[in-house]
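Okay, structure first, notes after.
The values are calculated or read from the model by the stated rules, or taken from the named source; none is laboratory data. Please read these numbers as outputs of a predicted model, since none were measured by experiment. Cβ placement follows ideal geometry from the backbone for every residue including glycine, while neighbour counts extend to all protein chains displayed. Accessible surface areas use protein heavy atoms only, side chains included; no ligands, DNA or RNA. Shrake-Rupley method; radii C 1.70, N 1.55, O 1.52, S 1.80 Å.
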Amino acid sequence: MSAPRREPLKPGDTIGILGGGQLGRMLVLAAARLGLKCQVFSPDPDSPAFDVVQNATCAEYADVEALELFASEVDVITYEFENVPASAAMVLAARRPVMPSQTILETTQDRLAEKDFVTKLGIGTAAYADVTSPQALRDAVARLGLPAVLKTRRFGYDGKGQVMLRPGDDPEVAWATLETRAAILEAFVPFEREVSVIAARGADGQVVSYDVTENEHRDHILKVSKAPAAIPDAVANEARRIAKTIADALGYVGVLGVEMFVVPGSDGPKVLVNEIAPRVHNSGHWTLDGASVSQFEQHIRAIAGWPLAEPVRHGVVTMTNLIGADVHDYTRWLTVPGATVHLYGKRHALPGRKMGHVTVVEPEKR
Ligand SMILES: Nc1ncnc2c1ncn2[C@@H]1O[C@H](COP(=O)(O)OP(=O)(O)O)[C@@H](O)[C@H]1O
Ligand SMILES: [Mg+2]
């Protein structure tokens, strides 16, 4: 279902956001600067986004009555969390424009559907196979070889729901640890580096993207993002072309993040798509302090039906995530010259939890 044609929002109108994490919080703050109000829907009473809105709905995604009331109180709806149940998106879409659409959610919630979609566009991914049983896994291993990565089709994030299979590993054991019957096996990609493209597509189909970002993970969780990525212009242009192709093909409105691998090739590095995030993305947090318009503002503009901006980068930008106990160091970060500190207000610094981030912008080297 595509969103019905509608008038652009006006200052004072209200955007409904599903999900109350730090992404929601930063969307709310960006909307506020543009004179737009937000209402946040989240089942978690401790949601970081609740701290910065006046209107919050704390209810389960299965609570139809709460969803209906929420829809009646907002002008358009978006989300910061892509695992919103399709049933909730349906209830909302019957009442208000929901961006990105439910069809987009369905494609991007499922690693298999997502890879099939990307492949049909002629864009490269890791070799992959649908895996529904231990026998199917053995067949997939025989076809793709090892090492390979076995992933649940749904609900994976920050490396959760995936196991690496190395030569000599027992596929049965890997299968059992995943506890699912809907999985995908991906050939291991011997990447040179990981990059991402944050792109925005407006209601009128205009696409603008940020400079390609280079990402380093620690324990499968994003740790550092740098912009621009240290890749040749031709590779950067290819990465941005891929993100635009995906956004256009999805008929997307809003910001999306496309995670990619850069792999060495005989005639120069090549770009493969890893996954699509139908929302603002952690690797785009640098745009808050390192660009004229942030990914959060760009998303708000797109769903409001407002013009997008061609973002201007302020320098060489490094964003470091404060994960778990890293956050205890915040007072030191506060004194680092040139550092901008963002804390999400989460009380418990659990291992692997994203607690905040720090951005440092340095002058462009000439
Ligand atoms: N096929 C692969 N080959 C090599 N590394 C991979 C592969 N799939 C995932 N990874 C590594 O694991 C990280 C997390 O995997 P990803 O598919 O992006 O799931 P998540 O939803 O957890 O972000 C990637 O950023 C990459 O570092
Ligand atoms: Mg990922």
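In a solvent-free Debye calculation with one equal scatterer on each Cα, what is log10 I(q)/I(0) for the chain at q = 0.09, 0.11, 0.12 Å⁻¹, listed in the order of the q values? Log10 of I(q)/I(0), two decimals: -0.51, -0.77, -0.92. Once a ≥ b ≥ c are taken as the square roots of the eigenvalues of the Cα gyration tensor of the range 31-79, is the result rounded (a/c under 1.5), prolate (a/b larger than b/c) or oblate (a/b not larger than b/c)? Cα axes put the range 31-79 in the oblate bin. The heavy atoms of His217 present about 80 square angstrom of accessible area, all protein chains included, probe 1.4 Å.
Peptides 328-341, 68-81 ordered by packing proxy, namely the average of other Cβ atoms within 10 Å per residue, highest first: 68-81, 328-341. Of the options Leu34, Val76, Gln22, report the single residue whose Cα projects farthest towards the positive end of the charge dipole of the range 14-98 (beta-carbon charges: Lys, Arg +1; Asp, Glu -1). Value: Leu34. Taking the alpha-carbon centroid of each part, what is the distance from the range 235-310 to the range 346-366 in angstrom? About 20 Å separates the Cα centre of the range 235-310 from the one of the range 346-366.
Seen from Asp139, the other residues with C-beta closer than 14 Å to its C-beta sum to a net charge of 0, counting Lys and Arg as +1 and Asp and Glu as -1.
With only the Cα atoms considered, the range 259-366 has a convex hull volume of 169 Å³ per residue.
With 0.36 nm allotted per residue and the present C-alpha distance subtracted, the Glu216-Thr103 stretch has 37.6 nm of extension available. Extension gain for Ala94 to Thr180 (0.36 nm times residue separation, less C-alpha to C-alpha distance): 27.8 nm. Taking 7 Å steps out from each Cα toward its Cβ at Asp329 and Ser266 produces label points 4.4 nm apart. Only lysine pairs 8 or more places apart or on separate chains count here, and in the chain those with Cα atoms under 24 Å apart total 27.
Take the Cβ atoms of Phe155 and Ala339, set R0 to 56 Å, and the FRET efficiency comes out at 0.95.
From its DSSP helices (H runs of at least four residues, each -39,500 (n - 2.57)), the chain gives a residue-normalised ellipticity at 222 nm of -8000 deg cm²/dmol.
Rounded, prolate or oblate: which fits the range 5-101, taking a ≥ b ≥ c as square roots of the Cα gyration tensor eigenvalues, rounded meaning a/c under 1.5, else prolate when a/b beats b/c? It comes out oblate by the Cα gyration axes.
Let me make sure I get this right: for the range 134-228, a, b and c are the square roots of the gyration tensor eigenvalues over alpha carbons, sorted descending. Under 1.5 in a/c it's rounded, otherwise prolate if a/b > b/c, else oblate. Which is it? Taking the square roots of the gyration eigenvalues as a ≥ b ≥ c, the range 134-228 is prolate. Taking the square roots of 5 times each eigenvalue of the Cα gyration tensor of the range 90-184, largest first, gives ellipsoid semi-axes of 30, 15, 10 Å.
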